[in-house]
Amino acid sequence: EVLRAPAVSAPPVIAGGATVHAIWQDGPLTLVLSGVATNTASVGAPVGVRIDRTRRLDGIAVAPNTVRLR
């Protein structure tokens with residue numbers, strides 16, 4: 001039997017509650033922040049990153065514990 005989504009999916013590279021590196025890049029300028037992932041995600045999936053109690057950013061999972069900010 002052929003397996004199809006949602007029975008199979010890409011393995012997660014980010015676990016909810018894990019410390020992640022949030023990267024923002026514009027040309028030669030790169031900013032890297034440390035934060036906590038608000039959800040579990042596989043490569044290419046959206047991820048929320050909590051920087052502190054009041055700031056939350058959104059990005060895309062690109063590697064283990066690494067998020068590219070939008």
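Annotation: of all residues in region 16-60 being touching a Gly at 6+ places or on another chain (Cβ under 9 Å) and hydroxyl-bearing (Ser, Thr, Tyr), the one that is surrounded by the most Cβ atoms within 10 Å (Cβ to Cβ) is 38. Based on this model, can you work out whether residue 3 counts as part of a strand (DSSP E or B) and without any contact (Cβ under 8 Å) to a residue 40 or more places away in the chain? Spelling it out, it is not the case that residue 3 is part of a strand (DSSP E or B) and without any contact (Cβ under 8 Å) to a residue 40 or more places away in the chain. Among the residues of region 10-51, write down those that are among the small types (Gly, Ala, Ser), more than 15 Å from residue 70 (Cα to Cα) and in contact (Cβ under 8 Å) with a residue 40 or more places away in the chain. Listed by number, the list holds a single entry, 18.
Given the conditions (1) surrounded by 13 or more Cβ atoms within 10 Å (Cβ to Cβ); (2) over 13 Å from residue 62 (Cα atoms); (3) aliphatic (A, V, I, L, M), which single one is not true for residue 13? It is condition (2) that residue 13 fails.
Which residues, taken from region 25-70, are closer than 13 Å to residue 12 by Cα and part of a strand (DSSP E or B)? Correct list: 37, 41, 46, 47, 60, 61, 62, 63, 66, 67.
Read-outs throughout are calculated quantities, based only on the coordinates presented, and are distinct from any laboratory measurement. Since the structure is predicted, the reported quantities are computational estimates derived from the model, not experimental observations. For neighbour counting, all protein chains shown are included, and Cβ atoms are generated from backbone atoms with ideal geometry for every residue, glycine included.
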